[in-house]
Amino acid sequence: VADNLSPTQRSAAMRAVKGRDTKPERVVRELLRSLGEPGYRLHRRDIPGTPDAAYLGRRLAIFVNGCFWHGHDCPAGRRAPQTRATYWQKKIRGNVLRDAASLTLLALSGWRALTVWECETRDLGRLRQRVKRFLARF
Ligand SMILES: [Zn+2]
């Protein structure tokens, strides 16, 4: 399917969709290290949803989601695509459905999951508290 994106734009988009090495993801990894919680594994494909960070023994999964690509209910997530709107909206709907299915699968297999949204990484103090509470609880 042609999508009118240059190869550079497309790979940036796919990276954002998959959440690989995006800036929000780097922010969260740095936060986990600063909280003294370094034992996470990255992008384990054998865990439902391929979490951005996972603590295998504790069965804790952390997802870092781009607001636009994962359809967050925030201004960035509600932004309409400028080009190929139908194509991207369909793609985003697919991501939202897949995210929900992954969270259900994780819960069914005894995992606890935390979703961190890109927009939350702009308030580091608040995000730090949220992540800290999640890790302390389980
Ligand atoms: Zn958001």
Original post:
Taking Cα pairs under 8 Å and at least six residues apart, what relative contact order does the chain come out at, in percent?
Top reply: 24
Original post:
Residue by residue through the range 59-68, which ³J(HN,Hα) values in whole Hz follow from phi under the Karplus form 6.51 cos²θ - 1.76 cosθ + 1.60 (θ = phi - 60°), with glycine and proline marked x?
Top reply: 6, 10, 10, 10, 10, 10, 10, x, 4, 5
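Using DSSP, restrict attention to beta bridges with both residues in the chain and report what percent are antiparallel, rounded to the nearest 5. Display every interim value, and only then the final one.
Values: 4 of 10 bridges.
DSSP beta bridges in the chain are roughly 40 percent antiparallel.
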**OP:** Return the long-range amide H neighbours of LEU56 (sequence gap of 5 or more, or a different chain), with a cut-off of under 5 Å between placed amide H atoms.
**Re:** ARG41
Original post:
Once phi is turned into θ = phi - 60°, what whole-Hz ³J(HN,Hα) does the Karplus curve with 6.51, -1.76 and 1.60 give for every residue of the range 103-118, x standing for Gly and Pro?
Top reply: 5, 5, 4, 4, 4, 5, 9, x, 9, 10, 10, 10, 9, 9, 8, 3
Original post:
How large is log10 I(q)/I(0) at q = 0.25, 0.33 Å⁻¹ when the Debye formula is applied to the Cα atoms of the range 99-138, each weighted equally and without solvent?
Top reply: -0.87, -1.02
Original post:
If we restrict to alpha carbons, what Rg and Dmax does the chain come to, in Å?
Top reply: 15.4, 46
Original post:
Under a 5 Å amide H to amide H cut-off, with H placed in plane at 1.01 Å, what residues pair with ALA113 once short-range neighbours are removed?
Top reply: ALA61
Original post:
If you plug each phi of the range 125-135 into the Karplus form 6.51 cos²θ - 1.76 cosθ + 1.60 with θ = phi - 60°, what whole-Hz ³J(HN,Hα) values come out, in order, with x for Gly and Pro?
Top reply: x, 5, 4, 4, 4, 5, 5, 4, 4, 4, 6
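Where a number appears in this text, it was derived from the coordinates with a stated rule and is not lab data. Everything numeric in this text was worked out from a predicted model, so none of it was measured.
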